[in-house]
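Please treat every number below as a calculation from the coordinates, not as lab data. What you are looking at is a predicted structure, and each value in this text was computed from that prediction instead of being measured. When we count neighbours, we look across all protein chains shown, and the Cβ atoms used for this are built from the backbone with ideal geometry, even at glycine.
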Amino acid sequence: MLLYLRYLSIVVAATTTLVTSFPVAEHYERYFPAGVKTTCKVGNFALTFDDGPFMYTNELLDKLEEEDIKVTFFVNGHNFWDVPSMPEAQDTIRRAYEAGHQIASHTYSHANLSTLDMEDVKREVQSLEEVLLPIIGKKPAFIRPPFGAVTDVNFNLLTGLGYTVVRWSVDSKGYETPNLETEMALYKAQVGPSNGIVGGIALEHDVYQQTVEELIDFTIDYVKSQGYKFVTVAECFGIDPYQ
Ligand SMILES: *[C@@H]1O[C@H](CO)[C@@H](O)[C@H](O)[C@H]1NC(C)=O
Ligand SMILES: [Zn+2]
């Protein structure tokens, strides 16, 4: 009963987060240091999912298993779900990891790192490492700063902590609109045929039902039709995904 109530309150809290953060757009920073990675190697394409895990992640994992595609999850410790207190959240991350998807950092609490001093940036990164260690037995080697916001000072700090810092080259703005037509148009405008072209890193969020149930089906078909091979972000650079 107690557990059930606790679960309910988490669901209510999560739903509230969902309602208040949607459909308001996440606004992304324009500036980022030159060393931040945004693209994948020629002919390759990385699908990435931020802000999870959440209640739609397992459905996404089912689809990816059917399609035999490996992706990258930039997870939080405390965002839509509170991973430390939720076995279901931990199981979801473990399932993704064991299926061969890359688990990467999106910080512990989805903080805007540009507003934090160095100690707090370190805490955001290391708190998530502590959450992930018992689940996957490893520390991620890739991080995507929330909102893509990263100062030069923070970039150097993250690099010093062993991280490759990643943003994206393709944004279908699924967080802004649940409108498939708009998202498809953005994809088509940003992703052309793969022939000899530098590959993309696509920003998606597995915390939205429409992303998982509509957008991803289109994305997979479309990116395939343009001739790309799906890879994890680590494979884009031939770097070990963990440290
Ligand atoms: C992140 O913080 C910086 C520095 O205060 C600010 O300029 C920026 O607007 C913030 N970004 C978001 C998405 O809140
Ligand atoms: Zn995010």
Residue in the stretch 35-44 that is closer than 21 Å to VAL125 by Cα and either within 16 Å of ligand 1 (Cβ to nearest atom) or of a type in the set (Lys, Arg) (or both) present: yes
Members of the stretch 131-178 that are over 23 Å from ARG95 (Cα atoms) and of a type in the set (Lys, Arg): ARG167, LYS173
Matching residues in the stretch 55-92 - criterion: being under 12 Å from the mean Cα position of the chain (by Cα) and more than 16 Å from ligand 1 (Cβ to nearest atom): THR57, VAL71, THR72, PHE73, VAL75
